[in-house]
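Contents: one structure, followed by commentary.
The values are calculated or read from the model by the stated rules, or taken from the named source; none is laboratory data. Computed from a predicted model, the values in this text were never measured in an experiment. Positions of Cβ are generated from backbone atoms using ideal geometry, with glycine treated the same way; all protein chains shown enter the neighbour counts.
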Amino acid sequence: MQTHSTLTCPECGHAQEMEMPTDACLFFHECSNCKVLLRPLAGDCCVFCSYGSVKCPPIQAQGSCCGNSN
């Protein structure tokens, strides 16, 4: 299981490698470059699933996250 993902801001394109929580979703993340607040896209459980290079650990492990049945 991968625990690091590179988040890429859809507004400015800034990329930042981050460690993902293994037991929770990260619903919001503020871009360190342009300060826009990232939120998951419809149907995604967290910002890593929407903007990351790797899906979050719960999705990697079981295919669903935070009570969603993806």
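On the basis of being within 11 Å of the chain's Cα centre (by Cα) and not in a loop (DSSP other than H, G, I, E, B), does Phe27 make the cut?
no
Determine the pairs where a residue that is farther than 16 Å from Thr3 by Cβ and in a loop (DSSP other than H, G, I, E, B), located within the stretch 35-48, has a partner that is modelled with pLDDT of 95 or more and among the charged types (D, E, K, R) with Cβ atoms under 8 Å apart, the partner being 6 or more residues away or on another chain.
Within 8 Å, the pairs are Val36/Glu11; Val36/Glu30.
Please list, ordered by first then second residue, the pairs with beta carbon atoms under 6 Å, 6 or more apart or interchain, first in the stretch 1-14 and part of a loop (DSSP other than H, G, I, E, B), second surrounded by 14 or more Cβ atoms within 10 Å (Cβ to Cβ).
Met1/Pro57; Met1/Gln60; Gln2/Val54; Thr3/Met20; Cys9/Cys31; Glu11/Val36; His14/Cys31
Collect the residues in the stretch 1-41 that are of a type in the set (Ser, Thr, Tyr) and surrounded by 14 or more Cβ atoms within 10 Å (Cβ to Cβ), keeping them in residue-number order.
Ser5, Thr8
Do we have Ser32 as closer than 14 Å to Gln60 by Cβ, of a type outside the set (A, V, I, L, M, F, W, C) and touching a strand residue (DSSP E or B) at 6+ places or on another chain (Cβ under 7 Å) here?
On the way: closer than 14 Å to Gln60 by Cβ: no; of a type outside the set (A, V, I, L, M, F, W, C): yes; touching a strand residue (DSSP E or B) at 6+ places or on another chain (Cβ under 7 Å): yes.
Spelling it out, it is not the case that Ser32 is closer than 14 Å to Gln60 by Cβ, of a type outside the set (A, V, I, L, M, F, W, C) and touching a strand residue (DSSP E or B) at 6+ places or on another chain (Cβ under 7 Å).
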